[in-house]
1. Tell me, which helices (runs of 4 or more DSSP H) wholly within region 236-304 include 1 or more residues that are farther than 30 Å from Ser105 by Cα and not small (Gly, Ala, Ser)?
2. Please find, among Ser220, Ser208, Ser180, the residue that is at pLDDT below 85 and part of a helix (DSSP H, G or I).
3. Got a number for residues in region 32-46 being outside any strand (DSSP E or B) and open to solvent by 60 Å² or more (accessible area, probe 1.4 Å)?
4. Name, by its number, the condition in (1) at negative phi; (2) open to solvent by less than 20 Å² (accessible area, probe 1.4 Å) that does not hold for Glu251.
5. Could you grab me the full set of residues in region 44-64 that are of a type in the set (A, V, I, L, M, F, W, C) and more than 20 Å from Gly14 (Cα to Cα)?
6. Kindly provide the set of residues from region 121-177 that are assigned to a loop (DSSP other than H, G, I, E, B) and either over 23 Å from Ser190 (Cβ atoms) or open to solvent by 80 Å² or more (accessible area, probe 1.4 Å) (or both), ordered by number.
7. Any idea how many residues of region 221-278 are closer than 19 Å to Gly74 by Cα and touching a strand residue (DSSP E or B) at 6+ places or on another chain (Cβ under 8 Å)?
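The values are calculated or read from the model by the stated rules, or taken from the named source; none is laboratory data. On a predicted model such as this, the values are computed, not experimentally measured, just so you know. Cβ: placed from backbone, ideal geometry, glycine included. Neighbour counts: every protein chain shown. We work out accessible area using only protein heavy atoms, side chains counted, and drop any ligands, DNA or RNA first. Shrake-Rupley method; radii C 1.70, N 1.55, O 1.52, S 1.80 Å.
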Amino acid sequence: MKKLLNTLFVTTQGSYLSKEGEAIAVKVEKEIKLRIPIHTLSGIVCFGNVSMSPFLMGFCAEKDVAVCFMTQYGRFLARIKGPVSGNVLVRREQYRRADKEDISSRIAAAILSAKISNCRRVLQRFLRDHKDKTEDGRIQKAVNHLERSMRDISGPLLTLNRIRGIEGDAAAGYFHVFDSLITAQKKEFSFTGRNRRPPRDEVNCLLSFLYTLLMHDVRSALESAGLDPGVGFLHRDRPGRAGLALDMMEEFRPLIADRLTLTLINLGQVNKNDFFKKDSTAVYMTDEGRKKVLVAYQKRKQDQ
């Protein structure tokens, strides 16, 4: 299986990417700021007013480097990908299994069991590291609730709707205590529940942005393995939705995105000045804040 390499994130507005031999050149106001060999990359993510030469687009497709374009604030716009790789027989088997609800249910239960287990690990880590801040027992109760959810979701002959119901209840219990995991900058970073499209507070802004980055990496990994990211087992077929990518990223949300969000806030690596409000309700990251998060995300992926 292909080993995923680095991702190049381009956030400087007005940047232009072009091909120079076997390397990518990043220019700002016609001055080359960076050259990077393409063989070190698995993807390129461009934010906002960032353009790319057609020759580089074709080169990236040839070298199996996924290119993703987003708005300046991290909303997905478009993706460039070369020919589908992998064995067509693998994809045909994927489609056959996705058409069978009993098989889909077993795969979905395995995915969500891993997700719930990792949510529990996030809470248990907090209990271990912050024993002095858990007097009320709310987090331990949430841990116990997640343990029951893991047992329930492993039960025999569960339908997809029942599995989704168990996962939804577990997620509600997990996010109900998520604010208690924030130990620093409490006034600036308050969390009352998940909201998105657009996020209405700084914590949800961080979570949504990191989920978008995680989605890009998971989708690239699936395509590299020859699977169709659009045909999932938990997330059923919907035009324009990468169902299997959404399925597979569920397990990684708590350990990569959620924990990184807490680390950035609790260690003061991001602060209130890294965010701003738009249209009186929507919260977005500044350019400087986004760069901080991208650097931290790249480092997080290198952890064992």
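1. On the way: elements: 243-249, 259-266, 287-301.
The helices (runs of 4 or more DSSP H) meeting that bar are 259-266, 287-301.
2. Numbers: Ser208 fails: at pLDDT below 85; Ser180 fails: at pLDDT below 85.
Exactly one residue qualifies, and that residue is Ser220.
3. Initially, region 32-46 is screened for residues outside any strand (DSSP E or B), giving 38-40.
Remaining after also requiring open to solvent by 60 Å² or more (accessible area, probe 1.4 Å): 39.
Qualifying residue count, region 32-46: 1.
4. All conditions pass for Glu251, except number (2).
5. Across region 44-64, the qualifying residues are Phe59, Cys60, Ala61.
6. Kept after step one, since they are assigned to a loop (DSSP other than H, G, I, E, B), are these residues of region 121-177: 130, 134-137, 154-159, 177.
Residues satisfying the conditions are Glu135, Asp136, Ser154, Gly155, Pro156, Leu157, Leu158, Thr159.
7. Here the count works out to 5.
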